[in-house]
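First comes the structure, then the notes that go with it.
The values are calculated or read from the model by the stated rules, or taken from the named source; none is laboratory data. Since we're looking at a predicted model, the values are computed, not measured. Cβ sites come from the backbone with ideal geometry, for glycine too, and all protein chains shown count toward neighbours.
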Amino acid sequence: MKKLYKKKGIDNPREWFDERIKDRLENPERSLATMYGGGIAIASLTFILVGFYHILKIIFFPSFEDSFGYVLAVTGILAYLIDNLLVTQQDQGVKYIKEFNNIKDKKWRLKWAIITVLTFPFSIWFMITSSTDGMIGKFLMNLHHTESANSILYRPNENSKTIDDLIIKR
């Protein structure tokens, strides 16, 4: 096996392999962590934008019903454009990763690693709670004294008769 590496000009295969792994995992421009981080950042931003959309929709158009697929598609495209303009175009992500890797203060690194990890579940929580079925959405709907169209369709009003009123009593 060492002969194959020697033919390629590699003197120490273990060192060469470690360097390749380091390039794949720690390179701020094209590593797997950078790609995953970019995807998670765009997804988190999408969920936060959906949450703000829910809040604005409930405040200004409380009876409007829409398709969640369209909302998710539009906010996903908007999140991608925001990420592309603010991070990718100016290489801010690469600068931040290089700066983060050079800082030796372990408490600071741990604090920002925890904040980064918790951003994704927080964004999902915010999106769910701001919907019409979530806590924030229900609170805002109570401020307007409105209900979503789905709850109006399936709830009888004051003038409708219940099943007991419809049964003919002899």
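Selection of the range 25-54 for residues being modelled with pLDDT under 85 and among the aliphatic types (A, V, I, L, M) yields Leu25, Leu32, Ala33, Met35. Looking only at the range 86-108, residues that are in a loop (DSSP other than H, G, I, E, B) and β-branched (Val, Ile, Thr) come to 1 in all.
Scanning the range 56-70 for residues that are polar (S, T, N, Q) and surrounded by 11 or more Cβ atoms within 10 Å (Cβ to Cβ) yields one hit, Ser63. Going by what's in this entry, would Phe120 be described as closer than 26 Å to Leu140 by Cα, hydrophobic (A, V, I, L, M, F, W, C) and at pLDDT below 85? Criteria not met by Phe120.
All of Ile40, Ile21 fail the test of being β-branched (Val, Ile, Thr) and in contact (Cβ under 8 Å) with a residue 60 or more places away in the chain, apart from Ile40. Within the range 71-112, take every residue that is of a type in the set (S, T, N, Q) and within 30 Å of Lys57 (Cα to Cα) and give me the one that is surrounded by the fewest Cβ atoms within 10 Å (Cβ to Cβ). Only one residue tops the list, namely Asn84. Only residues that are outside any loop (DSSP other than H, G, I, E, B) and closer than 17 Å to Ile128 by Cβ: list them for the range 60-78, please. The answer is Phe68, Gly69, Val71, Leu72, Thr75, Gly76. Yes or no: the range 140-153 includes at least one residue that is at negative phi, loosely packed, with under 11 Cβ neighbours inside 10 Å, modelled with pLDDT under 70 and not hydroxyl-bearing (Ser, Thr, Tyr). Yes, the range 140-153 contains a residue that is at negative phi, loosely packed, with under 11 Cβ neighbours inside 10 Å, modelled with pLDDT under 70 and not hydroxyl-bearing (Ser, Thr, Tyr). Here Lys57 meets the list (1) basic (Lys, Arg); (2) modelled with pLDDT of 75 or more; (3) over 17 Å from Gly69 (Cα atoms) almost entirely, failing just condition (3).
Is it the case, given these coordinates, that Ile115 is at negative phi, surrounded by 14 or more Cβ atoms within 10 Å (Cβ to Cβ) and part of a helix (DSSP H, G or I)? The answer is no for Ile115.
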